[in-house]
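Here's the structure we're looking at; comments come further down.
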Amino acid sequence: MDPILGIDLGTTNSVVSVIEDGRPLVLRDRHGEAILPSVVGLDAAGRLLVGREARNQALLAPERTVRSIKRRMGEDATVRMADKEYSPQEISAMILRTLKARAEEALGHAVERAVITVPAFFNDAQREATREAGLLAGLDVVRIINEPTAAALTYEPHSEKNERLLVYDLGGGTFDVSIVQIERGVVEVLASHGDTHLGGDDFDQLLLDYVCDAFQEEHGVDLRGSAASRSRILQAVEAAKIRLSDEACTTIAEEFIAEKEGRPLNLQFEIDRHEYEQLIGALLHKTLACVDASLEDAKLTARHLDRVILVGGSTRTPMVQRLLFEQLHHELHLEIDPDLCVSMGAAIQGGLIAGVDVGPVLVDITAHTLGMECLGPLHGRMSPHCFSPIIPRNAPLPATRSEIYSTVHDGQDAVMIHVLQGESDDARFNQSVGEFLLDGLNPEAEQGNEILVRFSLNLDGILEVTAVERDTGREKAVTIDNSITQFRAKNRDEARARLAAVFGETTAQRDSGAVAVAEEVPGTEEPLWHEAAELLAKARRLLPKASAEDADEMRRLIDTLQQAVERRRLDLAREAHAELADLVFYIEDV
Ligand code: AMP
C-alpha cells in the first residue's frame, strides 16, 4: 500500500518522514540532510531554488527570496519574488513539492498522500490554505494535525492511559507551548499560547549585534553596513550559538571580514555560555510567561502534568532546559530529536490512518547523568560534594558536552577530576566511574583559574574526559571504558558501601542489610533532617490553603516524611521530601 508521508511544514525548516517497518523514518536528501530550510528563491538566471541554496542568497538577494511564508498562510495577499507575485499557498507548495520529490527519490516510488502539521493556534483559513498548498504540490492531504499532537504521538503512539503533556516548541522563528491531553488514544489540545515572532533567529540577531558592537568599538567599523559581511557573520553566530549548547565557550572567527584604510580586518571573538545567556535571558522569560498562561487556561498546575516534551531546535539551549525545569520541576523529554519529532509524529498519524502497526520510536540515550564532584551549594550550604551534571540523563548518544570550573585557592596547582554517574545532587550518593588529577597548573594564578572539562560519551559507553587549564592550555585526558555497563554491574554494591561510609556504619551492620537504617547517626550530621523538620512545619501551615485533593496528598506525604525522619530512613526521607517540597511549592504559588 502507498505510504502516507508525515510533513512538518515549518516556518524556518521543513521535514518529511514515513513509516517503514513499523517505525518512523526521516527521509533525507542525497547529501544526507534531513532538514529543508523553508526558503524559496529564484537565482539570477530565474532558476527556482528551494532550501539551503535559497537561504544562502536570502541576505544578498532579498528581492528574489521568500522566507517564513508560513506566517502569511491564510492571508488573501501575495508576496513578490523577483518580478512575479505568488500566493502564500503557491510558495508553500514549492516547499511541499521539494519534500515530495525527496521522499519519492528515497523510497523509489511515487507517493501521493500526506499528513501535514500546523500550529495549534492556526485558524480555519490557515488550515485550508495549508491543505490547498498540498493539493498544488500534487499531494492528497489526508489529514491536517496540530504540531503538539504530532510531537505527543512520537512519545505515546498507543497510549491507552489518560495523560497530560506540555509541549514546549521553540524553533527558529516561532514559539508555542501547548497542553495536550491523551485520553484513550484521542489527542486533544487543551490550551495553547505562543509568540509567532520569537525563536532562534532572534538569538542569532542578539549575538550578531553583540559581536558587531564589540568589533565596532575596537576597529570603528560597523560590519552590519555590508550585506555580504552581515550574511557571513549571521552564519558564524548561528554556528557559535549551536556550539554553545554543548560547549562552555567558543570562538567566532572570520578572516578578512572588512577593510580599513586598505588593511584587511579579521574577526576573532571569544564568548562563553554565561555571556550568551545574559543576551537571551529576557526572551526566554517571555516564553515562561506563556507556559504559565497555558497552564492557567487549561486550569492545571505543573503538578498535573505527566510529561514535558521539547520540540524545535532551540530547545537544545541549556538555559531553556534549566529555566523550564526550575519552573515545572519535571524531567524534560528531548530524546527524540526536537527538530524531527513533529514530522515523525505526522508519519505515525499517517501510519495509524493507513492501519499500519506503529511501534515506539527507538533512540540511544544515556540512562544516567554524568558529571563531576565540585565545591558548590548542597542542602543550602557550600559543600565539596556537590554533583555538577555535564551530560544529562536521556541525552541522545553520542554526546559531547563541556563546562567551566574554577579553582578555589590562589596558587592552586592541581585539581581532582572526579567523574560520577547518577541523579543525586550529592556526589556521595552517585556512582564513581573514575578520577584523575590535573596538576602542574599555573602557580601564579589566583583563585578562579578556569578549568574547562569536556565529556565525550560514544555509543559503546566509552567516556573520554578532558580537563584543560584555559590560561595555559595545560591538558590531561582519560578514557573510561564501558562506563555504562560498569555502572549497572557494580551499582548496587558500591552504592551500599558508599551509603555505609556516609553513615559511618560498620561492616557487620552493612552485611546484616541495615544499610540505610542508621539510628546511631547523630541527627545533626545530616542536613536533610533539618530541612525535613522545616518543610513539615511549612506543609502543616499550608494545609488549610490546599484544595481537598491536594490536602489529602499533602497529609499522606507529611505522614511518610515524618515516619522516615523518625526512623532515620534517609532513602525514604529524600523521596518524600522531594515530593512534599514540590507540592508545597505549588500550593504556595497558587
Ligand atoms: P526549527 O525551526 O525547529 O528547525 O529550529 C531551528 C532553530 O534551532 C534555529 O534557530 C537553529 O539555529 C536552532 N538550533 C538548532 N540546533 C541548536 C542547538 N544545538 N542549540 C541551540 N539552537 C539550535
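The values are calculated or read from the model by the stated rules, or taken from the named source; none is laboratory data. Because the structure is predicted, anything quoted here is derived from the model rather than measured. Cβ atoms come from the backbone with ideal geometry, glycine included; neighbour counts cover every protein chain shown. For the accessible areas, the whole protein counts, side chains as well, though only heavy atoms, and no ligand, DNA or RNA atoms are used. Shrake-Rupley method; radii C 1.70, N 1.55, O 1.52, S 1.80 Å.
Summary of values
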item: Test: residue in the stretch 379-392 that is open to solvent by less than 20 Å² (accessible area, probe 1.4 Å), among the β-branched types (Val, Ile, Thr), at pLDDT 90 or above and within 26 Å of the chain's Cα centre (by Cα); result: yes
item: Meets criteria (touching a His at 6+ places or on another chain (Cβ under 6 Å), more than 24 Å from GLU403 (Cα to Cα) and either within 16 Å of the ligand (Cβ to nearest atom) or open to solvent by less than 60 Å² (accessible area, probe 1.4 Å) (or both)) for LEU234; result: no
item: So LEU190, is it open to solvent by less than 10 Å² (accessible area, probe 1.4 Å) and away from the ligand (no atom under 16 Å from the Cβ); result: no
item: Filtered residue count, the stretch 337-372, keeping only those that are of a type outside the set (S, T, N, Q) and within 30 Å of PHE585 (Cα to Cα); result: 6
item: The stretch 266-282 - residue that is touching a Leu at 6+ places or on another chain (Cβ under 8 Å) and surrounded by 18 or more Cβ atoms within 10 Å (Cβ to Cβ) and, of those, farthest from PHE325 (Cα to Cα); result: LEU267
item: Options ALA93, ALA82, ALA150: the member that is in contact with a Leu (Cβ under 6 Å, 6 or more places away or on another chain) and crowded, with 17+ Cβ neighbours inside 10 Å; result: ALA93
item: Odd one out for VAL356, checked against (1) within 16 Å of the ligand (Cβ to nearest atom); (2) part of a loop (DSSP other than H, G, I, E, B); (3) among the β-branched types (Val, Ile, Thr); result: (1)
item: Filter result (assigned to a strand (DSSP E or B), modelled with pLDDT under 85 and surrounded by fewer than 21 Cβ atoms within 10 Å (Cβ to Cβ)) within the stretch 153-187; result: GLU183, VAL186
item: Qualifying positions in the stretch 292-319 - more than 11 Å from the ligand (Cβ to nearest atom) and touching a strand residue (DSSP E or B) at 6+ places or on another chain (Cβ under 7 Å); result: ALA293, SER294, LEU295, ASP297, ALA298, LEU300, HIS304, LEU305, ASP306, ARG307, VAL308, ILE309
item: Among (1) open to solvent by less than 10 Å² (accessible area, probe 1.4 Å); (2) part of a strand (DSSP E or B), the one test that GLY345 misses; result: (2)
item: Matching residues in the stretch 320-336 - criterion: being over 9 Å from the mean Cα position of the chain (by Cα) and either open to solvent by less than 40 Å² (accessible area, probe 1.4 Å) or near the ligand (Cβ under 10 Å from one of its atoms) (or both); result: LEU323, LEU324, LEU328, HIS330, ILE336
item: GLY108, sole failed condition from (1) more than 30 Å from VAL177 (Cβ to Cβ); (2) buried (at least 22 other Cβ atoms within 10 Å of the Cβ); result: (2)
item: Test: residue in the stretch 256-277 that is over 24 Å from SER402 (Cα atoms), within 16 Å of the ligand (Cβ to nearest atom) and not in a loop (DSSP other than H, G, I, E, B); result: no
